1. Identify, from the list 11, 15, the residue that is free of Cβ contacts under 8 Å to residues at least 24 places away in the same chain, farther than 24 Å from residue 117 by Cα, of a type in the set (D, E, K, R) and assigned to a helix (DSSP H, G or I).
2. Among (1) of a type in the set (Gly, Ala, Ser); (2) under 21 Å from residue 17 (Cβ atoms); (3) modelled with pLDDT under 95, there is one condition residue 175 misses while meeting the rest; what is its number?
3. So which residues in the stretch 24-34 are part of a loop (DSSP other than H, G, I, E, B) and either touching an Asp or Glu at 6+ places or on another chain (Cβ under 6 Å) or crowded, with 22+ Cβ neighbours inside 10 Å (or both)?
4. How many residues does the stretch 84-97 contain that are over 15 Å from residue 201 (Cα atoms), under 20 Å from the mean Cα position of the chain (by Cα) and not polar (S, T, N, Q)?
5. So if I check each of 186, 175, 123, 201, which one is within 28 Å of residue 72 (Cα to Cα), in a loop (DSSP other than H, G, I, E, B) and touching a residue at least 24 places away in the same chain (Cβ under 8 Å)?
6. Select from the stretch 180-209 the residues that are under 27 Å from residue 5 (Cα atoms) and crowded, with 18+ Cβ neighbours inside 10 Å and list them in ascending order.
7. Quick one: would you say residue 56 is surrounded by fewer than 20 Cβ atoms within 10 Å (Cβ to Cβ), hydroxyl-bearing (Ser, Thr, Tyr) and either in contact with a Ser or Thr (Cβ under 6 Å, 6 or more places away or on another chain) or at pLDDT 95 or above (or both)?
8. When you check residue 20 against the structure, is it touching a residue at least 40 places away in the same chain (Cβ under 8 Å), among the aromatic types (Phe, Trp, Tyr) and within 14 Å of residue 160 (Cα to Cα), yes or no?
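The values are calculated or read from the model by the stated rules, or taken from the named source; none is laboratory data. Quantities reported herein were computed from a predicted structural model and do not represent experimental measurements. Virtual Cβ from ideal backbone geometry, glycine too; neighbours counted across all protein chains shown.
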Amino acid sequence: MPAFNTKAINRDIGRAIHRYDMINDGDRILVGVSGGKDSLTLLWYLRERLSRIPISYELFPVYVDPGFPGGFAEALKAWMESEDFFLRIDYTDNGIVAHSSINLENPCFLCARRRRRRLFEIADELGCNKIAFGHHKDDIVETFFINICYTGVMGTMRPVQPVFDGRFKIIRPLAFVDEDRILRFAADREFPEFDNPCPTARTSKRREIKDALTYLYQGNKKIKDNIFRSLSHVNQDYLL
């Protein structure tokens with residue numbers, strides 16, 4: 001089997017970075033690593049770009065361990081070291097608290113909120129001005145429908161999002177990349193697969209939306225791209 005052609009993902013990443021002015025010379029970028037294919041792909045490509053672009057930036061991979069028994073933090077760190085990445089692990093009880101009786105919110109919402117807060121704290125400690133997440137095109141479309149169906153708000157994740165009055169910028173260089181390409185790339189690179197110990201990982205609202213959209217896409221391959229394109233072509237004259 002021929003090696004995976006990295007040009008398509010490279011092109012989509014480059015297009016997103018240039019369109020939204022995501023990365024500049026001298027940036028210190030915290031990369032939120034989850035252990036999944038998306039964040040590992042993001043980290044690989046961000047490092048690969050450094051060898052062929054006229055600017056320089058630094059990458060700081062960070063994994064926030066949610067604290068579930070049977071976690072994979074040490075296995076992830078060992079693999080990262082074999083790939084010449086130094087991974088910082090931050091051990092927390094975010095997942096345990098989010099699934100406990102003291103939490104009256106959605107466990108995914110609280111866990112994600114606490115994780116992000118910790119990433120901001122670490123970014124500040126490391127002197128980072130950007131925080132990169134591995135969210136891709138499918139994530140952005142799914143988040144749009146999650147917000148509509150479960151919060152009654154039309155909105156999604158933005159490719160670039162300033163926070164704390166511009167102190168940090170959240171960037172999503174995979175914003176234009178389809179998930180299936182990431183899956184093929186991760187398989188070609190033989191990225192490890194870690195079992196997610198979260199008790200609600202397979203029953204989340206995101207999974208429900210993903211399954212519904214997958215069924216919808218089967219009828220017309222253009223639907224996902226049309227939905228994604230519509231997020232930047234909003235006709236407010238025909239909204240309430």
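1. Numbers: 15 fails: free of Cβ contacts under 8 Å to residues at least 24 places away in the same chain.
Only one candidate passes the filter, namely 11.
2. (3)
3. Answer for the stretch 24-34, where residues must be part of a loop (DSSP other than H, G, I, E, B) and either touching an Asp or Glu at 6+ places or on another chain (Cβ under 6 Å) or crowded, with 22+ Cβ neighbours inside 10 Å (or both): just 33.
4. Of the residues in the stretch 84-97, 7 are over 15 Å from residue 201 (Cα atoms), under 20 Å from the mean Cα position of the chain (by Cα) and not polar (S, T, N, Q).
5. On inspection, the qualifying residue turns out to be 175.
6. Result: 181, 182, 185, 186, 191.
7. Working: surrounded by fewer than 20 Cβ atoms within 10 Å (Cβ to Cβ): yes; hydroxyl-bearing (Ser, Thr, Tyr): yes; either in contact with a Ser or Thr (Cβ under 6 Å, 6 or more places away or on another chain) or at pLDDT 95 or above (or both): yes.
It is true that residue 56 is surrounded by fewer than 20 Cβ atoms within 10 Å (Cβ to Cβ), hydroxyl-bearing (Ser, Thr, Tyr) and either in contact with a Ser or Thr (Cβ under 6 Å, 6 or more places away or on another chain) or at pLDDT 95 or above (or both).
8. Details: touching a residue at least 40 places away in the same chain (Cβ under 8 Å): yes; among the aromatic types (Phe, Trp, Tyr): yes; within 14 Å of residue 160 (Cα to Cα): yes.
Taking the combined requirement at face value, the residue satisfies it.
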